[in-house]
Amino acid sequence: MMDVRPGADFPPDLFHALLSQQMVYRCDADDRIVDVNPAGVRLLGYASAQDLIGTPMADLYASPEDRGYLHSLMREHGAVRDLEVVLRQRDGTLVFVLETAVASPRAEVGDVDSSYWGVMKDISDRVEAQRNQLHTNLELAETNRLLKATQSRLVQQEKLASVGQLAAGLAHEINNPLSFIISNLDTLRSYVTALNRGLSAVEGLIPEDALRDHRQIREEHHLDEIAADLEDLFRESRHGLDHITSVVHSLRTFSRSGIGQSQTMVDLNEALESTLVIARNELKQGITLHRDLSPLPPVSCRADEINQVILNLLLNAVHAIRSRHTDAPGTITVRTLAQPDGVVLEVEDNGPGIASQNLRRVFEPFFTTKPVGEGTGLGLSISYDIVVNRHRGDLSVSSEPGRGARFTVRLPLSGETEET
Amino acid sequence: MADMHASQQLFQQFNNEHNGLALQVQECPPEARGLSVSGHLDTTNAASFSRVVHAWLDECGGVRELWFDLAGLRYISSSGIGAFVQLLMEAQSRGVALRLLDLGPNVQAVFDVLGFSRFFVLEK
């Protein structure tokens, strides 16, 4: 049993009772345990003091470097008070203790070879309580952020659903008159052709002496030019109407939306084409679009959500290119690829790229490098949520600063999606 | 943008008042601010450390990341970890990311033992 003696005025029983609550140890000049009390044996999970005699103190520390730190304090001050260290019990369990150590009374301050005494007080319960409190706070903060992000996503989806409904309504309203305008134009064209043929036939019946007057009338009213223009006018009008038809079709495809839309079989190339029509206005100013599309098998997905992802990636690429503030040509390449277990869509731009420290954060909600007020920082996080969480797919990014960025969407063929 | 000179003054005063813990502003990319932490961070100085770093955070409006170079941090106690956890929560609420760099094995061990490593970006 370790022999620790109280001062002359201190009741020995009380002194030993107090000390028996804490580990007390003594080390030799090599920092090996020479003596340790029963409380120390218990604290470290050993059967007897003999098991610990000769053990280097550093071996009992979870981090031996901390023992070196204690030595440096001892050298500097001759004593250490309440240094928090982590000890490793025999079975590997870690315990937090406060260590107080003093140099042997026979040693001088700064004498590193001297032995010393130490007392260790177990504070694991206190540390555990503080730790739990901090953990709870951190987890609450994380939950709050998640709720905020989810709320923003819902608001954004709500807005997109409204825009989708508006677009679908507009498309429907335009589609009806468009159908009869196309139909009427085609009829008009055939009538005009018939009229021309009739007039030519009638001209053949005009007597020779009236032909001069006839030509004069034709010239006065520019009938020949009008006849020549008519075909162009019909062709251009038909071309314009075909374009309106295609936009209306794209709007309807894009906005096959609404909250709770179920999965359908979608050709990603078609989804891409209809979204490109929607983004056309953004894409045409100083940006060249390259298509590198492969035939794809249809995948089961929520079309409205995937269209939203494609639009987000396209607009993101456009904004990246615009952020360069140069007149150098911007290029966006869209690429699709079939793989054995899914389909891949890539959107690549030659914008400024993404700094390496931002690369892993681009999918975080509210992360944006755009100036305040120009980006919500939600587009990519919503896209990530749609692809990864709701379609069990993958959305990744690669970038070399100064040389653009590439976003890659992978969707599985078997589109098991999360329930709405 | 934080005034680097003002930040240096803030930390100079802290360093004068605290033995054993030294804070120094470091060069960083434009959207980040950096601080090197040397010495020991424990129950004796964790509260002051928290105060001065929160004051610094107030000055760092508009930055996206705070970098802490911990290569010179020789010792940390659970109170020191607590100071970083409080700072993490404050930074996250402002949309600022926290990166702790070059942790020594004993400093990393306390983060690990207390189970906080997963909440932080810790880099060797």
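Remarks
- Note on segment B:98-109: residues that are facing chain A (nearest Cβ under 7 Å) and buried (at least 19 other Cβ atoms within 10 Å of the Cβ) amount to 2.
- Selection of segment A:336-355 for residues being within 17 Å of A:Thr408 (Cα to Cα), in contact (Cβ under 8 Å) with a residue 40 or more places away in the chain and not in a strand (DSSP E or B) yields A:Asp341, A:Asn350, A:Gly351, A:Gly353, A:Ile354.
- Failed condition for A:Thr143, given (1) more than 30 Å from A:Gly78 (Cβ to Cβ); (2) at pLDDT 90 or above; (3) among the β-branched types (Val, Ile, Thr): (2)
- Some residue of segment A:158-177 being among the basic types (Lys, Arg) and at pLDDT below 90: yes
- Qualifying residues in segment B:14-37 (those that are under 20 Å from A:Glu84 (Cα atoms) and within 13 Å of another protein chain (Cβ to nearest Cβ)) - the one surrounded by the fewest Cβ atoms within 10 Å (Cβ to Cβ): B:Asn19
- No other residue among A:Gly45, A:Gly78 is out of contact with any Phe, Trp or Tyr (no Cβ under 8 Å at 6 or more places or on another chain) and surrounded by 17 or more Cβ atoms within 10 Å (Cβ to Cβ) apart from A:Gly78.
- Only one entry in A:Gln263, A:Gln216 is polar (S, T, N, Q), surrounded by fewer than 16 Cβ atoms within 10 Å (Cβ to Cβ) and free of Cβ contacts under 8 Å to residues at least 12 places away in the same chain, namely A:Gln216.
- Selected residue (criterion: nearest to B:Gly39 (Cα to Cα)) from residues of segment A:23-56 that are in contact (Cβ under 8 Å) with a residue 60 or more places away in the chain and of a type in the set (A, V, I, L, M): A:Ala29
- Flag for B:Ala55 being more than 8 Å from every other protein chain (Cβ to nearest Cβ), under 23 Å from A:Arg145 (Cα atoms) and in a helix (DSSP H, G or I): no
- Segment A:83-97, residues that are of a type in the set (Asp, Glu) and within 11 Å of another protein chain (Cβ to nearest Cβ): A:Glu84
- Unique residue being surrounded by 11 or more Cβ atoms within 10 Å (Cβ to Cβ) and at pLDDT below 85 when the list is A:Leu19, A:Leu14: A:Leu19
- Test result for B:Leu66, in a strand (DSSP E or B), within 14 Å of the chain's Cα centre (by Cα), under 23 Å from B:His5 (Cα atoms) and away from every other protein chain (no Cβ under 13 Å): no
- Members of segment A:320-346 that are farther than 17 Å from A:Pro295 by Cα and surrounded by 18 or more Cβ atoms within 10 Å (Cβ to Cβ): A:Ala320, A:Ile321, A:Gly330, A:Ile332
- Take the conditions (1) within 13 Å of chain A (Cβ to nearest Cβ); (2) outside any strand (DSSP E or B); (3) under 28 Å from A:Ala129 (Cα atoms); (4) out of contact with any Leu (no Cβ under 7 Å at 6 or more places or on another chain); B:Gly61 misses just one of them, which is (3).
- Of residues in segment A:51-75 being small (Gly, Ala, Ser) and closer than 21 Å to B:Leu103 by Cβ, the one surrounded by the fewest Cβ atoms within 10 Å (Cβ to Cβ): A:Ser72
- Take the conditions (1) part of a strand (DSSP E or B); (2) more than 30 Å from B:Arg64 (Cβ to Cβ); A:Thr333 misses just one of them, which is (2).
- Filtering segment A:60-73 to residues that are farther than 19 Å from A:Ser124 by Cα and either away from every other protein chain (no Cβ under 11 Å) or touching a residue at least 24 places away in the same chain (Cβ under 8 Å) (or both) leaves A:Leu70, A:His71.
- Test: residue in segment A:173-189 that is surrounded by fewer than 14 Cβ atoms within 10 Å (Cβ to Cβ), within 14 Å of another protein chain (Cβ to nearest Cβ) and out of contact with any strand residue (DSSP E or B) (no Cβ under 6 Å at 6 or more places or on another chain): no
The values are calculated or read from the model by the stated rules, or taken from the named source; none is laboratory data. The shown structure was predicted, so the numbers you read here are calculated from the model rather than taken from an experiment. All Cβ positions, glycine included, derive from the backbone under ideal geometry; neighbour counts span all protein chains shown.
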